[in-house]
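For reference, the structure discussed in these notes is given below.
The values are calculated or read from the model by the stated rules, or taken from the named source; none is laboratory data. Since we're looking at a predicted model, the values are computed, not measured. Cβ placement follows ideal geometry from the backbone for every residue including glycine, while neighbour counts extend to all protein chains displayed. Accessible surface is based on the protein model in full, side chains and every heavy atom, while ligands, DNA and RNA are left aside. Shrake-Rupley method; radii C 1.70, N 1.55, O 1.52, S 1.80 Å.
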Amino acid sequence: MKDCLLNYNLEEIKEIVSNLGEKSFRAGQIYKALHLGLDFSEMTELSKTFRETLQDNYVAQSVKIIKSLKSVDGTEKFLFALCDGNVIECVLMKYKYGYTICVSTQVGCRMGCAFCASGLNGLIRNLEPAEILGEVIAVNRYLGGGLGDKRKIINIVLMGSGEPLDNYDNTVKFLHLVSEQNGINISQRNISLSTSGIVPKMYKLADENVSINLTVSLHSPFDEEREKIMPVAKTYKISEILDACANYFKKTGRRYIFEYVLIKGNNDTMRHANALISKLKGRPCHVNLIRLNEVKENDLKSATDKEAYRFLGLLEKGGLSATLRRRMGEDIDGACGQLRQRYIEETAIKGEN
Ligand code: SAH
Ligand code: SF4
């Protein structure tokens, strides 16, 4: 597979350009064009020969939109093809102030959470920085956005398929590339990374000098129950996660967020609410409640709206800062990994015929 130029920052592209025998000022032009989502053939500022040399050695964009689905609520979902034929997905949400994109960081996931469609077939492979960045760039172009002030995408959440901290180096490189001044330049303050709680990597991230928001998928205040829905909980205990979050706050000054997917009769009782309150009260954190997006591969059910609001009320009464996330894109397989799973199944069926 040819290397993708989007993997590199401006300095690195300068070196590549000079190794190919061109003047280094070309690097700036190439870098901008790459972040605008252009292919080499569209980089008309460059000579035809140089474009061909680039084409012979590199790929400009390593993700291509192959399908998009729009929900009645305005949420849009994209399927991308990668150079090796793998398929990934991302979700675009429109808010008053602009677009938020939810990107994937791996093809599949090896964490195997019981409620999640991303982990059904395990981990296929890590995404390269260029592929994670490519999701943002391809959708920004699709929306007619440019660079800097002209970009259409304002926020990024790393909450698509995959465990970002299980693909640590590529994810961190992506965070740098996407926030660089000369490129699409999305502020790190507007980027949130969600992890299932890989404690050592949470400490590493705190020392990385990136000022992003840290979100942890908690889903239960009890280790034994958490283990049943999240196998990773066998390795990292809630107390260790809370210590790692406190360290993140100490190092970065940034509040952290806990995600809590409400599963009917599983983690949505008063006992769970009370335990959450006693573990989280007084911490500089926020709890984001999410109604489970039911997937057909398991029989877990979502808490009803009434139950979800009741749970929210209990947390608030207990002194926690909490919100219930509004439902989005359910008609288009909104939850992480669902659309890709459906696509794989459909193409597998077609393949059999
Ligand atoms: N691997 C990371 C980030 C991707 S998952 C993590 O687990 O945090 C992003 C969020 O989607 C997580 O909070 C995850 O628990 C949640 N999620 C997964 N499957 C879901 C489903 N079927 N319904 C609702 N949320 C789901
Ligand atoms: Fe992986 Fe996150 Fe899905 Fe768990 S919820 S399987 S960690 S993507």
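Taking θ = phi - 60°, what integer Hz values does the Karplus form 6.51 cos²θ - 1.76 cosθ + 1.60 yield along region 216-227, in sequence order, with x for Gly and Pro?
Along region 216-227, the couplings run 10, 7, 9, 6, 6, x, 10, 4, 5, 6, 5, 4 Hz.
With each pseudo-label sitting 7 Å past Cα toward Cβ, what's the residue 204-residue 299 distance in nm, one decimal?
4.0 nm
Compute log10 of I(q)/I(0) for the chain with the Debye formula, placing one identical point scatterer on every Cα and leaving out solvent, at q = 0.08, 0.11, 0.14 Å⁻¹, to two decimals.
-0.40, -0.75, -1.16
Quick query: amide H of residue 4 versus all other amide H atoms, modeled in the peptide plane; which residues come in under 5 Å with a sequence gap of 5 or more or a different chain?
Under 5 Å from the amide H of residue 4 lie the amide H atoms of 59, each far enough along the sequence or on another chain.
Could you calculate the FRET efficiency of residue 181 with residue 326 from 1/(1 + (r/R0)^6), where r is the beta carbon distance between them and R0 is 35 Å, rounded to 0.05?
Efficiency, from the Cβ-Cβ distance: 0.55.
Kindly write out, for region 26-36 in residue order, the coupling ³J(HN,Hα) from the Karplus curve 6.51 cos²θ - 1.76 cosθ + 1.60 (θ = phi - 60°), rounded to whole Hz, with x marking Gly and Pro.
4, 4, x, 5, 5, 4, 4, 4, 4, 6, 7
Which loop chymotrypsin sites (Phe, Trp or Tyr not before Pro) in region 41-128, with loop taken from DSSP, have no more than 13 other Cβ atoms within 10 angstrom of their Cβ?
Qualifying residues, ordered by number: 97.
For the chain, modelled as a Gaussian network with Cα springs under 10 Å, which listed residue fluctuates most, 88, 132, 277?
Greatest mean-square fluctuation among the candidates belongs to 277.
Any chance you could look up the accessible area of residue 285 with a 1.4 Å probe, heavy atoms only, rounded to 10 Å²?
10 Å²
Taking every pair of alpha-carbon atoms in region 3-59, what share in percent sits in each 5 Å bin, from 0 to the bin with the longest distance?
Pairs per bin, as whole percents: 4, 20, 38, 32, 6.
Accessible area of residue 316, 1.4 Å probe, to the nearest 10 Å²?
We get 100 Å² for residue 316.
For the chain, with a Gaussian network of springs between Cα atoms less than 10 Å apart, report the residue from 96, 67, 32 with the top mean-square fluctuation.
Of the options given, 96 has the highest mean-square fluctuation.
Working out 0.36 nm times the residue gap between residue 24 and residue 48, then minus their Cα-Cα distance, what length gain in nm do you get to one decimal?
That works out to 6.9 nm of additional length.
Against the longest alpha carbon principal axis of the chain, how many degrees, from 0 to 90 and to the nearest 10, is the axis of helix 305-317 turned?
80 degrees
Residue by residue, what Karplus-based ³J(HN,Hα) values in Hz, rounded to whole numbers, does region 95-108 have, using 6.51, -1.76 and 1.60 with θ = phi - 60° and x for Gly and Pro?
10, 4, 8, x, 9, 10, 10, 10, 9, 8, 10, 9, 8, x
How much of the DSSP beta bridge set in the chain is antiparallel, as a percent to the nearest 5?
Details: 22 of 48 bridges.
Antiparallel bridges make up about 45 percent of those DSSP assigns within the chain.
In terms of modelled amide H atoms, which long-range or inter-chain residues lie less than 5 Å from the amide H of residue 127?
Here 106, 107 satisfy the definition.
Enter the angle in degrees (range 0 to 90, nearest 10) between the Cα long axis of helix 270-280 and the first principal axis of the Cα atoms of the chain, meaning the one along which they spread out most.
60 degrees
Extending each Cα 7 Å along its Cβ direction at residue 15 and residue 124, get the distance between those two points in nm, one decimal.
3.1 nm
Mind listing which GluC sites (Glu not before Pro) in region 1-56 are in a DSSP loop and have 13 or fewer other Cβ atoms within 10 Å?
Answer in residue order: 45.
Quick one: which residues, 5 or more positions from residue 73 or on another chain, have an amide H under 5 Å from its amide H? H modelled 1.01 Å from N in the peptide plane, none for Pro or chain starts.
Amide H neighbours of residue 73: 329.
Just need the relative contact order of the chain here, percent rounded to a whole number, with Cα pairs under 8 Å and 6+ apart.
Relative contact order here is 15 percent.
Over region 63-352, give the accessible area per residue in Å² for a 1.4 Å probe, as an integer.
About 42 Å² of surface per residue is accessible.
May I have the extent of the alpha carbons of region 185-263 along their three principal axes, as whole Å values ordered from largest to smallest?
39, 22, 16
Starting from the exponent 0.38 and prefactor 2.2 Å, build the expected Rg for region 142-223 from its residue count and divide its actual Cα Rg by it.
Scaled against compact globular proteins, the figure is 1.20.
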